[in-house]
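Asker: Mind having a look at this structure? Questions to follow.
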Amino acid sequence: MRFLLDVEQREFARSLDAMLTAGDTVAATRAWGAGDYARGRAVWARLADAGVFALPVPPAYEGVGPLPVETAVAFVELGRHAVPGPVVETVAAEALLVRLAELGEPEPAKRFLPSLASGAACATLTLPHGGPYALDAEEAGLIMAVAGGELRLAPGHARVRRSLDPARRLAAPLPGGELLAAGPAVTAAARHATDWAALATAAQALGVGFALLDRTVAYVKQRTQFGSPIGAFQAVKHRLADVLVRLEFARPLVLGAAVTMAPDDIAAAKVAATETAYTASRAALQLHGAIGYTAELELSLWLTKARALRGAWGSPGVWRGQVLTEWG
């Protein structure tokens, strides 16, 4: 089976690429890591205008979806430009609320989905298999937590913890808060939301990997050694070719998972994309040499993000285990 984007999907990707290039997301990401969210919110508003947050939401709640393939396409570009903020978490919250409505609990969807789809609000959340910390809870308008078969609107969050990626600010939701739903429907919806989070993370990691490759190729063309660009050396060519092959193998896994939305396909995509992005980061760091270790270099935004996404929404071991369980 060939997983190729159609004309509209390719145009959507190109338009997001152009918009984010013009929006100076590097400056927005650096500011976000320092606790200054104004530039990041401006990027968020442009993404909302482009319809990114309406993609997982049905028209009944003022969305245009659910469109998982288009969501994956968008998140590749978000990763390529190192967009900050709880973008994955907002999509996961939308998927959670949509599935709850499908299972007979429509009130939370009616209450929150229109503002999430329009970009007027952003959300973060914790799910049973997603770790104890919510991303960017201090900036998110909605903090949701699922535990013990209950979905609650958290009243706040505990002290912010730093991630390896400075633009990923983590905090634990405070216990208690308004009960939004409870019972088996919440458990089922949480599993569905985790799949959406894993898919979006995989697509984001794929974009990070391509960004690292592009920047490293540009660097080895202009850095010289022994009178020649180091990109002319066979060992360098082979290292970058290996990264490209792995990225091109991961791409159809991500798109295929978006087509099927099957848990085993999503698990395979999550492993392949995040591990490939991590491989790209290691190659980029080695080929940049000592300068690659400096936080001042723009490359550091993607290096740290590749490492953080590798463990976000479940470690590679967790998702490999799911692949083996589903395929076994």
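Only the coordinates and a few stated rules stand behind these numbers; no lab work does. Everything numeric in this text was worked out from a predicted model, so none of it was measured. Note: ideal-geometry Cβ built from the backbone for every residue, glycine included; neighbour counts use all protein chains shown.
Asker: Measure nothing fancy, just the Cα-based angle from helix 38-49's long axis to the longest principal axis of the chain, in degrees from 0 to 90, nearest 10.
Answerer: With rounding to tens, the tilt is 70 degrees.
Asker: If you don't mind, there's one more thing I want to ask. For the chain, with a Gaussian network of springs between Cα atoms less than 10 Å apart, report the residue from 133, 293, 61 with the top mean-square fluctuation.
Answerer: Highest fluctuation of the listed residues: 293.
Asker: Set Lys and Arg Cβ to +1 and Asp and Glu Cβ to -1, take the dipole of the chain about its Cα centre, and tell me which of 293, 190, 19 lies farthest positive.
Answerer: Value computed over the given set: 293.
Asker: Let me ask something else. What are the residues whose amide H is under 5 Å from the amide H of residue 181, where those residues sit 5 or more places off or on another chain and H is modelled from the backbone?
Answerer: Sorted by chain and number, the residues that satisfy this are 151.
Asker: Could you check the simple spin-label distance between residue 293 and residue 228, using points 7 Å along Cα→Cβ, in nm with one decimal?
Answerer: 2.8 nm
Asker: Here's another thing I want to ask about it. Per 5 Å bin from zero, what fraction in whole % of the C-alpha pairs of the range 195-327 is there, up to the bin with the longest pair?
Answerer: Histogram of Cα-Cα distances, whole percents per bin: 2, 12, 21, 20, 16, 12, 8, 5, 3, 1, 0.
Asker: For the chain, the longest stretch holding no trypsin sites (Lys or Arg not before Pro) located in a DSSP loop with at most 12 other Cβ atoms within 10 Å is which?
Answerer: The longest uninterrupted stretch comes out as 160-328.
Asker: Next up: How large is the helix-only mean residue ellipticity at 222 nm for the chain, computed as the sum of -39500 (n - 2.57) over DSSP H runs with n ≥ 4, divided by its residue count, in deg cm²/dmol to the nearest 500?
Answerer: Values: 11 runs with 195 residues, N = 328.
-20000 deg cm²/dmol, from helical runs alone.
Asker: I need the fraction of alpha carbon pairs in the chain separated by more than 37 Å, rounded to a whole percent.
Answerer: Tail of the P(r) past 37 Å holds 14 percent of the pairs.
Asker: The range 286-327: which GluC sites (Glu not before Pro) are DSSP loop and have at most 10 other beta-carbon atoms within 10 angstrom? Numbers along the way, then the final one.
Answerer: Details: sites: 296, 298, 326; in loops: 296, 298.
Filter output for the range 286-327: 296.
Asker: Go through 29, 65, 86 and say which Cα lies farthest out towards the positive end of the charge dipole of the range 7-188; charges sit on Cβ, +1 for Lys and Arg, -1 for Asp and Glu.
Answerer: Result: 29, furthest along the dipole toward the positive end.
Asker: If you filter the range 151-241 for chymotrypsin sites (Phe, Trp or Tyr not before Pro), then keep DSSP loop positions with at most 15 other Cβ within 10 Å, what is left?
Answerer: Here the sparse-neighbourhood loop sites are 226, 233.
Asker: Return one number: the angle in degrees, 0 to 90 and rounded to the nearest 10, between the long axis of the Cα atoms of helix 184-222 and the longest principal axis of the Cα atoms of the chain.
Answerer: Compared with the principal axis, the helix lies near 20 degrees.
Asker: With springs only between Cα atoms under 10 Å apart, run a GNM on the chain and tell me which of 96, 151, 297 wobbles the most.
Answerer: 297
Asker: So which lysines pass the test for residue 237, namely a Cα distance under 30 Å, with those fewer than 8 places away in the same chain ruled out?
Answerer: Candidates past the 8-residue exclusion: 221, 270, 305.
Asker: Still on this structure: Bins of 5 Å, beginning at zero and ending with the bin holding the largest distance: percent of Cα pairs per bin for the range 117-156, please.
Answerer: With a bin width of 5 Å, the distribution comes to 6, 25, 32, 22, 11, 4, 0.
Asker: Now for a different question. When a/c reaches 1.5 or more, the comparison of a/b and b/c decides; with that in mind, is the range 7-188 rounded, prolate or oblate per its Cα gyration tensor?
Answerer: Oblate is the answer for the range 7-188, as a/c is 1.5 or above yet b/c matches or exceeds a/b.
Asker: Please sort by residue number the GluC sites (Glu not before Pro) in the range 36-121 whose DSSP state is loop and whose Cβ has at most 15 other Cβ atoms within 10 Å.
Answerer: 62
Asker: Anyone know which of 176, 104, 231 comes out most mobile in the 10 Å Cα GNM of the chain?
Answerer: Answer for the Gaussian network model of the chain: 104.
Asker: Under a Cβ-only charge scheme (Lys and Arg +1, Asp and Glu -1), can you give me the dipole magnitude of the range 7-188 about the Cα centre, in debye to the nearest 20?
Answerer: Computed charge dipole of the range 7-188: roughly 520 debye.
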